[in-house]
Structure formats: structure tokens, C-alpha cells
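The values are calculated or read from the model by the stated rules, or taken from the named source; none is laboratory data. Treat the numbers as computed from the prediction; the structure is a model and nothing was measured. Cβ coordinates were reconstructed from backbone atoms using ideal geometry, including for glycine residues, and neighbour counts include every protein chain displayed. Each accessible area value is taken on the protein alone, full model and side chains, heavy atoms only, with ligands, DNA and RNA left out. Shrake-Rupley method; radii C 1.70, N 1.55, O 1.52, S 1.80 Å.
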Amino acid sequence: MSQRFDEFEERLSAYESQMDSVYRLYHIPVLAALMLFMFWIRVRNYARHIGPNGQPLYRGNDPYYHYRSTNFVIENYPFTMPFDPWTGFDVGRRVGQFGTVFDQLTATVALVVGLGSPSQETVVLTTLFIVPVLATLSAIPMYYIGKRLGGRFGGIVAVLVLALTPGQFLTRSVAGFYDHHVAEVFLVLLVLAVGMKLLDVAQREGAIYE
């Protein structure tokens, strides 16, 4: 009888240990599933934005500007396009703030994927996928923001709301809308998450502001 009771206690202890592991790690597969959903919903129609000769078929006008700027960065890495002859007809115009880090990021990814000499097919696919990837990665800082305010469950709810958010965040983050708006969302969420962490450390350590 005592031996059976000891076996029961061992099984109960093992079961409780497994449940503790599930409770500690349950958010990881949930977040992975939500991020996979976010990525899939944005890239499922990417093939429609590739023309018969492999040229991109973007949504809107600005993506074509970023496409030209990205190609310039690839050919003159890491420099951006200083002057655009196609803007300000018929004399052209200095680019100013429109030679963006966003184009440099995309060009860098294309160069890495293309092993230093990406084909135009590689460049087009990179421009189609970079925005959905950034939208999907936005779930990570969003989770930490939600976790900071409402625990792990709050973080999961925050990511769930982000994953199901319609409107401009969705329409500007699908494949074919190659523009910088989603990069702005990702960076803002990242800054908020880091800022909240810094404030948490400052409160815990009793930092003195001068």
C-alpha cells in the first residue's frame, strides 16, 4: 500500500511539474501562432504583384519610388539616391529626407539573400515580403508592452488585437504595398517597449534624474 502511494505521489509530482512548465511557456506557442497568422494573411496573395516579366505590380505610387531608391542603394551600397531625375519634372529634384533607412534596410536584406549580387527577382520578392515581415515582428514589442501593463495574458491580448486589427495597419502591411509606414509602426512600438523597460529599471533602482 505504501509503495502504491509513493508511486502515486511521484506521478502527481511529475504531472504538476509538467503543468508548471505549460503555465510558464504557454505564451510562446500562442504568440508563434498569432505571428504566423499575421504573416500568412499578408502574403497569401503576393504572387498577384509579380508581373509576367517579373516586374513588380505595387499598390499605389510611392512603392515604385522606394523600389527605384532600393535599387540605387543596392548598386551604390550603402549610399541612398541623392538626386531623383524623375521627381520635379522636368529638371529633377534633390531627394532630401526621402532617401530613407527603410530603403537601406530592404537593400541590405536583398544583398544578404542574393549573396552580394541579387537578381531583380530577388529584389522584387524582398520588397514584397519586407513589409509583412515588419508587421509580423511588430507583435514582439507589442507583447512586451501588453505584458508590462497586464501580465503575460495582457501581452497575448495585445498581440491578438494587433493581429485582428483591420484598416490602415492591415492594408499598408500586405505584400505589394512597399512603403515605410509599417516600419514606423514597428519602430514606435520598439521604442515604447524599450522606454517602458527603462522606466521600470529606473523605478526599481531609484535612479536620480538631473
Legend entry - Number of positions in the stretch 22-33 that are open to solvent by 30 Å² or more (accessible area, probe 1.4 Å) and within 22 Å of Pro166 (Cα to Cα): 3
Inset, instruction - Check Phe186 against each of (1) under 14 Å from Phe102 (Cα atoms); (2) open to solvent by less than 20 Å² (accessible area, probe 1.4 Å) and name the one condition it does not meet. - result: (2)
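Considering only the stretch 34-54, state which residues are of a type outside the set (A, V, I, L, M) and open to solvent by 70 Å² or more (accessible area, probe 1.4 Å).
Narrowing the stretch 34-54 to residues of a type outside the set (A, V, I, L, M): 37, 39-40, 42, 44-46, 48-49, 51-54.
Listed by number, the residues that qualify are Phe37, Trp40, Arg44, Tyr46, Arg48, Pro52, Asn53.
Quick check: is even one residue across the stretch 133-148 assigned to a loop (DSSP other than H, G, I, E, B) and buried (at least 20 other Cβ atoms within 10 Å of the Cβ)? Break it down stepwise before answering.
Going residue by residue through the stretch 133-148, those that are assigned to a loop (DSSP other than H, G, I, E, B) are 138.
The next check asks that each one be buried (at least 20 other Cβ atoms within 10 Å of the Cβ); those that pass are 138.
Yes, the stretch 133-148 contains a residue that is assigned to a loop (DSSP other than H, G, I, E, B) and buried (at least 20 other Cβ atoms within 10 Å of the Cβ).
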Legend entry - Close pairs from the stretch 153-165: first farther than 15 Å from Leu137 by Cα, partner surrounded by fewer than 19 Cβ atoms within 10 Å (Cβ to Cβ), Cβ under 8 Å, at least 6 apart: Val157/Gly150
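Being open to solvent by 80 Å² or more (accessible area, probe 1.4 Å), assigned to a helix (DSSP H, G or I) and at pLDDT 75 or above is the requirement here; does Tyr64 meet it? Walk me through how you get there before you give the answer.
Working: open to solvent by 80 Å² or more (accessible area, probe 1.4 Å): yes; assigned to a helix (DSSP H, G or I): yes; at pLDDT 75 or above: yes.
Judged against the criteria, Tyr64 is a match.
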